[in-house]
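Colleague: The structure follows.
The values are calculated or read from the model by the stated rules, or taken from the named source; none is laboratory data. These numbers come from a predicted model, not from an experiment. Cβ: placed from backbone, ideal geometry, glycine included. Neighbour counts: every protein chain shown.
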Amino acid sequence: MPDFIPGLELARFFYFEAVKPLLVGNFPDVQYGAGLIGSGSEVLGFDTEMSADHHWGPRVMLFLKDDDHHSYAQGIDEILRQGLPTQFREYSTNFTPPDPLDNNVQRLEDIESGPVNHRVDVLTMREFILAYLDFDIDQPIEAADWLTFPAQKLRSLTAGAIYHDGIGLQSIRDRFSYYPRDVWLYLLASGWNRIGQEEHLMGRAGIVGDEIGSAIIAARLVRDLMQLCFLMERQYPPYPKWFGSAFHRLQCGDKLAPLFARVLKAEDWKTRERHLARAYEYLAEMHNRLKITDALPTRVTNFFARPFLVMHLGARQADVLRAQIVDAEVKRIAEKGLIGSIDQFSDSTDILSNARWRAMLRRLYE
């Protein structure tokens, strides 16, 4: 096995040393962009040696203008098939055909001579965004669009790397850099609302001896609190495999990760409650540091007359944040109810990964 090279670094070498010379020599007048964005652990910077077992290797994405794609895509593909080396930095550049029995997975496959079944994808940014987000880049991004774009896809679209930009790729990516302020406020309100709906239930399940139910609710609360942290630090969270890894990289990660670990490891509800209470208070302090509303209480209290420690900030915090929204469309959506975004009301892999659901989901906000 060759020494592992992180995928973004491998792609950069591959583009400049193998792909670009073929483009310059054969298509010197064609304007294009080159990079690596979208799906793949390497795009997020979380790939390891294990990642190399599927869909990983020397690859790059080439983006052409719409008219040029029609004229040159096939020719570029053929030049690359015939002209690329069969190996690059000790990795094969040849991929197996998609495996229909394994989610169309492609793997590196050694060959002695070409043509190379490469993974230099020749695309247009329009077709890529349409397939990835079910969105036409010539249209304005509306509130309902933001709320139905999965955050994991927004992160992978704005992460990765651009190695050459002759057609304005970065300006398109910049449109998706982060939520508009009022959408962000709505998401924060919805996140706090979720906490308020369940923070007292963990103890209620535990006090009757249902430690499994209590642990499940606590785990849900931890996930919702982590989602709030990503929102407060204005970062898109990745998909579940890298959710915890990305959380550790947040500014609040060092402080909160140990607390969340103790919640998840706790064997009784009182221990869970103690660590969750500290986490609630820390997030309330984080909110106050944002200075987007008047300062709110930062100490837990009993849930009315019941012996469960909660922040009591759910509905109150949601209302305060909702009152800050000025955009008419976002305000209308918020007044319907705080269901939040696709990531806040569903964790279905099918819904989050398949863009075809988005048109139907937009109806929730009509």
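Colleague: One residue is enough: does region 50-60 have a residue meeting the conditions out of contact with any His (no Cβ under 8 Å at 6 or more places or on another chain), crowded, with 18+ Cβ neighbours inside 10 Å and in a helix (DSSP H, G or I)?
Modeller: Yes, there is a match, as at least one residue in region 50-60 is out of contact with any His (no Cβ under 8 Å at 6 or more places or on another chain), crowded, with 18+ Cβ neighbours inside 10 Å and in a helix (DSSP H, G or I).
Conditions tested, residue by residue: (1) in contact (Cβ under 8 Å) with a residue 12 or more places away in the chain; (2) among the small types (Gly, Ala, Ser); (3) outside any loop (DSSP other than H, G, I, E, B).
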| site | (1), (2), (3) |
| --- | --- |
| Ala295 | no, yes, no |
| Arg299 | yes, no, no |
| Leu309 | yes, no, yes |
| Leu321 | yes, no, yes |
| Ile333 | yes, no, yes |
| Ile339 | yes, no, no |
| Met360 | no, no, yes |
| Arg363 | no, no, yes |
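Colleague: Return only the number of the condition from (1) surrounded by 19 or more Cβ atoms within 10 Å (Cβ to Cβ); (2) assigned by TED's automatic domain parsing to the domain that holds Leu44 that Leu185 does not satisfy.
Modeller: Evaluating Leu185 over (1) surrounded by 19 or more Cβ atoms within 10 Å (Cβ to Cβ); (2) assigned by TED's automatic domain parsing to the domain that holds Leu44 leaves (2) as the failure.
Colleague: Moving on. Aliphatic (A, V, I, L, M) and either within 16 Å of the chain's Cα centre (by Cα) or in a helix (DSSP H, G or I) (or both): which single residue out of Ile167, Ile217, Ile137 fits that description?
Modeller: Result of the check over Ile167, Ile217, Ile137: Ile217.
Colleague: Counting just the residues of region 176-214 that are among the acidic types (Asp, Glu) and assigned to a helix (DSSP H, G or I), which one comes out nearest to Leu231 (Cα to Cα)?
Modeller: Checking each candidate, the answer is Asp182.
Colleague: Looking at Gln251, Gln170, which is the one that is over 15 Å from Ala151 (Cα atoms) and outside the structural domain of Gln344 (by TED's automatic domain parsing)?
Modeller: Being over 15 Å from Ala151 (Cα atoms) and outside the structural domain of Gln344 (by TED's automatic domain parsing) holds for just one of Gln251, Gln170, which is Gln170.
Colleague: Could you go through region 279-291 and let me know if any residue there is surrounded by 15 or more Cβ atoms within 10 Å (Cβ to Cβ), small (Gly, Ala, Ser) and more than 28 Å from Val183 (Cβ to Cβ).
Modeller: No: region 279-291 contains no residue that is surrounded by 15 or more Cβ atoms within 10 Å (Cβ to Cβ), small (Gly, Ala, Ser) and more than 28 Å from Val183 (Cβ to Cβ).
Colleague: Inspect all residues belonging to region 296-308 and state whether any of them is modelled with pLDDT of 90 or more, touching an Asp or Glu at 6+ places or on another chain (Cβ under 8 Å), surrounded by fewer than 19 Cβ atoms within 10 Å (Cβ to Cβ) and closer than 24 Å to Arg223 by Cα.
Modeller: Yes, region 296-308 contains at least one residue that is modelled with pLDDT of 90 or more, touching an Asp or Glu at 6+ places or on another chain (Cβ under 8 Å), surrounded by fewer than 19 Cβ atoms within 10 Å (Cβ to Cβ) and closer than 24 Å to Arg223 by Cα.
Colleague: Conditions: (1) touching an Asp or Glu at 6+ places or on another chain (Cβ under 9 Å); (2) in contact (Cβ under 8 Å) with a residue 60 or more places away in the chain. Leu154 meets all but one. Number of the miss?
Modeller: Every listed condition holds for Leu154 apart from (1).
Colleague: When residues of region 15-49 are filtered for being under 18 Å from the mean Cα position of the chain (by Cα) and assigned to a helix (DSSP H, G or I), how many remain?
Modeller: 4
Colleague: Here is a follow-up. Taking region 104-116, which residues are closer than 20 Å to Ile37 by Cα and either part of a loop (DSSP other than H, G, I, E, B) or not assigned by TED's automatic domain parsing to the domain that holds Gly35 (or both)?
Modeller: At the first step, the residues of region 104-116 found to be closer than 20 Å to Ile37 by Cα are 104-108.
Answer for region 104-116, where residues must be closer than 20 Å to Ile37 by Cα and either part of a loop (DSSP other than H, G, I, E, B) or not assigned by TED's automatic domain parsing to the domain that holds Gly35 (or both): Asn104, Gln106, Arg107.
Colleague: Answer with yes or no whether Ala246 is aliphatic (A, V, I, L, M) and either in contact (Cβ under 8 Å) with a residue 40 or more places away in the chain or over 21 Å from Trp184 (Cβ atoms) (or both). Let's see the steps before the verdict.
Modeller: On the way: aliphatic (A, V, I, L, M): yes; either in contact (Cβ under 8 Å) with a residue 40 or more places away in the chain or over 21 Å from Trp184 (Cβ atoms) (or both): yes.
The answer is yes for Ala246.
Colleague: Scanning for something in contact (Cβ under 8 Å) with a residue 60 or more places away in the chain and over 23 Å from Ile351 (Cβ atoms), does region 254-263 turn up at least one residue? Spell out how you get there, then give the answer.
Modeller: First pass over region 254-263, keeping only residues in contact (Cβ under 8 Å) with a residue 60 or more places away in the chain: none.
Scanning region 254-263 turns up no residue that is in contact (Cβ under 8 Å) with a residue 60 or more places away in the chain and over 23 Å from Ile351 (Cβ atoms).
Colleague: Can you tell me how many residues in region 61-87 are within 30 Å of the chain's Cα centre (by Cα) and either in a strand (DSSP E or B) or aliphatic (A, V, I, L, M) (or both)?
Modeller: So the answer is 5.
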